[in-house]
Every structure is written in structure tokens, then in C-alpha cells.
1. I need the full set of residues from segment 101-115 which are open to solvent by less than 50 Å² (accessible area, probe 1.4 Å) and either in contact with a helix residue (DSSP H, G or I) (Cβ under 6 Å, 6 or more places away or on another chain) or free of Cβ contacts under 8 Å to residues at least 60 places away in the same chain (or both), in order please.
2. Answer yes or no: is there a residue in segment 87-101 that is modelled with pLDDT under 95 and either over 14 Å from G8 (Cβ atoms) or in contact with a strand residue (DSSP E or B) (Cβ under 8 Å, 6 or more places away or on another chain) (or both).
3. Quick check on D72: is it among the charged types (D, E, K, R) and either over 19 Å from V5 (Cα atoms) or within 12 Å of the chain's Cα centre (by Cα) (or both)?
4. Among G98, G15, which is the only one that is surrounded by 14 or more Cβ atoms within 10 Å (Cβ to Cβ), touching a residue at least 40 places away in the same chain (Cβ under 8 Å) and not β-branched (V, I, T)?
5. Give me a count of the residues in segment 45-79 that are closer than 16 Å to Y104 by Cα, in a strand (DSSP E or B) and either open to solvent by 50 Å² or more (accessible area, probe 1.4 Å) or in contact with a helix residue (DSSP H, G or I) (Cβ under 7 Å, 6 or more places away or on another chain) (or both).
Amino acid sequence: QVQLVESGGGLVQPGGSLRLSCAASGIAFSIYNMAWYRQAPGKQRELVAAITTGRSTNYADSVKGRFTISRDNAKNTVYLQMNSLKPEDTAVYYCNAGRAQLTYWGQGTQVTVSS
């Protein structure tokens, strides 16, 4: 049974930081590309950041220079370090694992940026 469990979300003031974690089980983590998506109320789910099995990364323009994605294959975990948070970063953040036609999603973690 595949499980992706996100943690680390919460309420933070503008300019603050959060670190999201996604722990995977039931998959051979190191051969999966990993990504973080987010969905704000009334908006479509969008890609935030992705990291390949070879550790190449790409980011949405809106988060470049502020967010960093990383992975620890020994811990089957992917991270999203979020700095200089803005109110427009408020959303539910989802972890995704993908390989060929296989794709798995976590349940999401809420991030709220507000003063």
C-alpha cells in the first residue's frame, strides 16, 4: 500500500518560513520523481517544485528564489523549504510521486500565510 504523508504545514506570518516534509512508503522511493503541488481555494492545482531521481529541480516562477525542494532517499522523504512566505502562498500543499504512468498523491497539508 502506497502512502505519502505530508507534515509541517501551519499558520505563519508574511516573511516567515516553513519546511514541509513528505514521507513515502510502499514505493521504491529513489526511482520516483517527486514534486510538490498546491491548490488555493477556487483555483486549480499547480506545480510548485519538482525533483527528479537525478536531483534535477524545477520551480514555478512564483516561488523561484524563495522555495527549495530536496530529497533524502535514505529516509524516503522529500522536503520543501519555504522562505519569505507571502499571503498568496496560502494553499493546501500536496506531495506527488511519479514514475512512467504511475502517480501517487498525499492527503495534503494546509499552509496559511497571514498576519
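1. V113
2. We begin by selecting, within segment 87-101, every residue modelled with pLDDT under 95; these are 100-101.
Those left that are additionally either over 14 Å from G8 (Cβ atoms) or in contact with a strand residue (DSSP E or B) (Cβ under 8 Å, 6 or more places away or on another chain) (or both): 100-101.
Yes: segment 87-101 contains one or more residues that are modelled with pLDDT under 95 and either over 14 Å from G8 (Cβ atoms) or in contact with a strand residue (DSSP E or B) (Cβ under 8 Å, 6 or more places away or on another chain) (or both).
3. Values: among the charged types (D, E, K, R): yes; either over 19 Å from V5 (Cα atoms) or within 12 Å of the chain's Cα centre (by Cα) (or both): no.
So D72 fails the test.
4. Details: G15 fails: surrounded by 14 or more Cβ atoms within 10 Å (Cβ to Cβ).
Every option except G98 fails the conditions.
5. 2
The values are calculated or read from the model by the stated rules, or taken from the named source; none is laboratory data. This structure is a prediction, so every number in the text was calculated from the model and none was measured. With ideal geometry, Cβ positions are generated from the backbone for all residues, glycine too; neighbour counts draw on all protein chains shown. Heads up: the accessible areas ignore ligands, DNA and RNA and are worked out on the full protein's heavy atoms, side chains in. Shrake-Rupley method; radii C 1.70, N 1.55, O 1.52, S 1.80 Å.
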